[in-house]
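The values are calculated or read from the model by the stated rules, or taken from the named source; none is laboratory data. Remember, it's a predicted structure, so these values are computed and weren't measured experimentally. Counting neighbours? That spans all protein chains shown, and the Cβs are built from the backbone with ideal geometry, glycine included.
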Amino acid sequence: GDSVTQMEGPVTLSEEAFLTINCTYTATGYPSLFWYVQYPGEGLQLLLKATKADDKGSNKGFEATYRKETTSFHLEKGSVQVSDSAVYFCALSDRSGYSTLTFGKGTMLLVSP
Amino acid sequence: EPEVTQTPSHQVTQMGQEVILRCVPISNHLYFYWYRQILGQKVEFLVSFYNNEISEKSEIFDDQFSVERPDGSNFTLKIRSTKLEDSAMYFCASSDGSLSYNEQFFGPGTRLTVL
C-alpha cells in the first residue's frame, strides 16, 4: 500500500538557518503530494502541494518539488523564523480526487532566536 | 475564514466506556473524514463519509467505531467500548470535493485519554 517516510525530529535550528525536511513516498500510480503544518494547539493546515511530477509547491517561503525519479518531496526554506516552529507532515493521496490522505509521522521543527 | 471545529478538545474516559467525539465541518463541504494519531506515530485514516454513508474505512475502523451526521452541521465519531489503545489525538477533516487533489481542511483535534 501507499506509505510516506519522513525524517525523524525534532529538527532544531537557529533563526535564519536553512531548513530541509526529507520526505519519500511509496505509491502506485501518480499521487498528489502535500505538506501540512500543525502549529501548537491548532489543526493541520495545508502548507503546499504538488499534483504531478516536477511540480514545485511553494507557500510562505517554503518549497517542495515533486521528484518522481527519487520518489521524494523534500521541504525546504532558505531562512527559518521562530514562528515556523511547528510539526510538519508530508502526505499523499491518489489521483481519484476524493481519496484519503496517507501521512508521514511528522517532523517537529524548533527554531530558536 | 471558515474552519472545522471539534469538541471537546480533551476527553478523559474509563476503559469500556462509550465516547462521542464531535466535529462541525465547513458548511458547504460534502466529504468528511476522521483520522487519528497515537502519540509518536503516524496520522492514520479511519473513515470517510459522503452522502450520508461511509465511503471508505480502514482496518482500524472496526465494529467498535461508528460515524453519524445527525443533523445538517455535526459529524460525530462514536467509540462504543473504549480500549487503552484508543488513546490518541482524533482529527476531523472536510473537503468540498471540487479540486482534483482533494484539499482537506482539518480541525484542531480531540485528545482522547482512556484510563
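Looking at B:S100, B:S55, just one residue is in contact with a strand residue (DSSP E or B) (Cβ under 6 Å, 6 or more places away or on another chain), at pLDDT below 95, at the interface with chain A (Cβ under 8 Å from one of its Cβ atoms) and surrounded by fewer than 17 Cβ atoms within 10 Å (Cβ to Cβ), and that residue is B:S55. Which count do you get for residues in the range B:106-115 that are more than 7 Å from chain A (Cβ to nearest Cβ) and buried (at least 21 other Cβ atoms within 10 Å of the Cβ)? Counting residues in the range B:106-115 that are more than 7 Å from chain A (Cβ to nearest Cβ) and buried (at least 21 other Cβ atoms within 10 Å of the Cβ) gives 2. Taking first residues from the range B:1-20 that are on the phi > 0 side of the Ramachandran plot and within 13 Å of another protein chain (Cβ to nearest Cβ) and partners that are exposed (fewer than 15 other Cβ atoms within 10 Å of the Cβ) and among the basic types (K, R), no Cβ contact under 8 Å between residues at least 6 apart in sequence or on separate chains turns up.
Scanning the range B:70-80 for residues that are at pLDDT 95 or above and either out of contact with any strand residue (DSSP E or B) (no Cβ under 9 Å at 6 or more places or on another chain) or of a type in the set (A, V, I, L, M, F, W, C) (or both) gives B:F75, B:L77, B:I79.
For the range A:40-55, filtered to residues that are closer than 29 Å to B:T7 by Cα and at the interface with chain B (Cβ under 10 Å from one of its Cβ atoms), the residue that is surrounded by the most Cβ atoms within 10 Å (Cβ to Cβ) is A:L44. The set of residues from the range B:19-52 being under 12 Å from B:D86 (Cβ atoms), hydrophobic (A, V, I, L, M, F, W, C) and surrounded by 15 or more Cβ atoms within 10 Å (Cβ to Cβ) comprises B:V19, B:L21, B:L46.
With respect to the stated conditions, B:F91 is within 9 Å of chain A (Cβ to nearest Cβ), in contact with a Lys or Arg (Cβ under 8 Å, 6 or more places away or on another chain) and not hydroxyl-bearing (S, T, Y). Checking the stated criteria, B:T82 turns out to be more than 19 Å from A:L44 (Cα to Cα), touching a residue at least 40 places away in the same chain (Cβ under 8 Å) and surrounded by 21 or more Cβ atoms within 10 Å (Cβ to Cβ).
If A:E76 passes every condition in (1) away from chain B (no Cβ under 14 Å); (2) outside any strand (DSSP E or B) but one, which one does it miss? Going through (1) away from chain B (no Cβ under 14 Å); (2) outside any strand (DSSP E or B) one by one, A:E76 breaks only (2). Looking across the range B:23-52 at every residue that is among the β-branched types (V, I, T) and farther than 19 Å from B:Q11 by Cα, the one that is nearest to the other protein chains (Cβ to nearest Cβ) is identified as B:V47. Could you check, for the range A:70-77, whether at least one of its residues is surrounded by fewer than 20 Cβ atoms within 10 Å (Cβ to Cβ), out of contact with any strand residue (DSSP E or B) (no Cβ under 8 Å at 6 or more places or on another chain) and on the phi < 0 side of the Ramachandran plot? No, there is no match, as no residue in the range A:70-77 is surrounded by fewer than 20 Cβ atoms within 10 Å (Cβ to Cβ), out of contact with any strand residue (DSSP E or B) (no Cβ under 8 Å at 6 or more places or on another chain) and on the phi < 0 side of the Ramachandran plot. Within the range A:56-66, the set of residues being within 17 Å of A:S93 (Cα to Cα) and crowded, with 16+ Cβ neighbours inside 10 Å comprises A:G57, A:A64, A:T65, A:Y66. Tallying residues that are in contact with a Pro (Cβ under 8 Å, 6 or more places away or on another chain) and surrounded by 17 or more Cβ atoms within 10 Å (Cβ to Cβ) within the range A:3-24 yields 0.
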